[in-house]
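Heads up, the thing below is written out as structure tokens.
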Amino acid sequence: PPATSLTHFKPQALLRGIRRLKGSGGPSHLDTEGLKRVMGNKTFLKQEQKILSAITSITNKISAKAINREDVEPLMAVRMIAVKKKDSGIRSVGISEVMRKVMAKTIAWAIRDHIKQVTGSRQCAGF
């Protein structure tokens with residue numbers, strides 16, 4: 001898809017992503033329910049607009065061009081947990097930050113038709 005189609009996300013697109021999201025929190029331990037409580041609470045209306053504006057701005061920037069990993073390192077951090085396997089092994093699971101999940105889901109939703117076209121009949125989770 002043309003790059004310009006991914007650089008003009010509106011705050012409402014991110015808010016829709018927040019409402020659809022489910023999951024645990026990353027290193028900050030802010031989970032999706034906590035973010036939804038802040039974003040849906042009239043007491044935090046001014047903060048909601050600032051948060052949405054910031055997330056929208058970052059999403060537009062990362063979808064428009066290549067960025068240095070160092071610039072988004074905190075966003076890329078994960079909380080690692082160990083899960084016991086049936087065969088007595090251990091599987092490591094990384095849980096990413098909620099903001100990263102929101103941005104990734106919003107971008108993926110915007111390009112879902114292109115993803116389906118490129119991947120053909122292969123399974124694409126969430127599409």
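The values are calculated or read from the model by the stated rules, or taken from the named source; none is laboratory data. Keep in mind that what you see is a predicted model, and the values were worked out from it rather than measured. Reconstructed Cβ throughout: ideal geometry from the backbone, glycine too, with neighbour counts over all protein chains shown. Calculation scope for accessible area: heavy atoms of the full protein, side chains included, ligands and nucleic acids excluded. Shrake-Rupley method; radii C 1.70, N 1.55, O 1.52, S 1.80 Å.
Among the numbered conditions (1) open to solvent by 100 Å² or more (accessible area, probe 1.4 Å); (2) of a type outside the set (Phe, Trp, Tyr); (3) touching a helix residue (DSSP H, G or I) at 6+ places or on another chain (Cβ under 6 Å); (4) more than 20 Å from PHE9 (Cα to Cα), the only one that LYS105 does not meet is (4).
Taken together, GLY25, GLY17 contain a single residue that is under 14 Å from the mean Cα position of the chain (by Cα), surrounded by 13 or more Cβ atoms within 10 Å (Cβ to Cβ) and at pLDDT below 90, which is GLY17.
The C-beta contact set for the range 12-31 (first residue of a type in the set (Val, Ile, Thr), second residue part of a helix (DSSP H, G or I) and surrounded by 13 or more Cβ atoms within 10 Å (Cβ to Cβ), distance under 8 angstrom, 6+ apart or interchain) comprises ILE18/THR32; ILE18/LEU35; ILE18/LYS36; ILE18/MET39; ILE18/VAL102. Considering every residue within the range 78-87, establish whether at least one is surrounded by 14 or more Cβ atoms within 10 Å (Cβ to Cβ) and under 26 Å from ILE111 (Cβ atoms). Yes, the conditions are met somewhere in the range 78-87.
Scanning the range 114-126 for residues that are open to solvent by less than 50 Å² (accessible area, probe 1.4 Å) and within 25 Å of HIS29 (Cα to Cα) turns up nothing.
Can HIS29 be described as at positive phi and not small (Gly, Ala, Ser)? Against the criterion (at positive phi and not small (Gly, Ala, Ser)), HIS29 qualifies. The criterion of at least 3 residues that are among the polar types (S, T, N, Q) is met, among helices (runs of 4 or more DSSP H) falling completely within the range 43-114, by 45-64.
Take the conditions (1) under 19 Å from ARG16 (Cβ atoms); (2) surrounded by fewer than 11 Cβ atoms within 10 Å (Cβ to Cβ); SER63 misses just one of them, which is (2).
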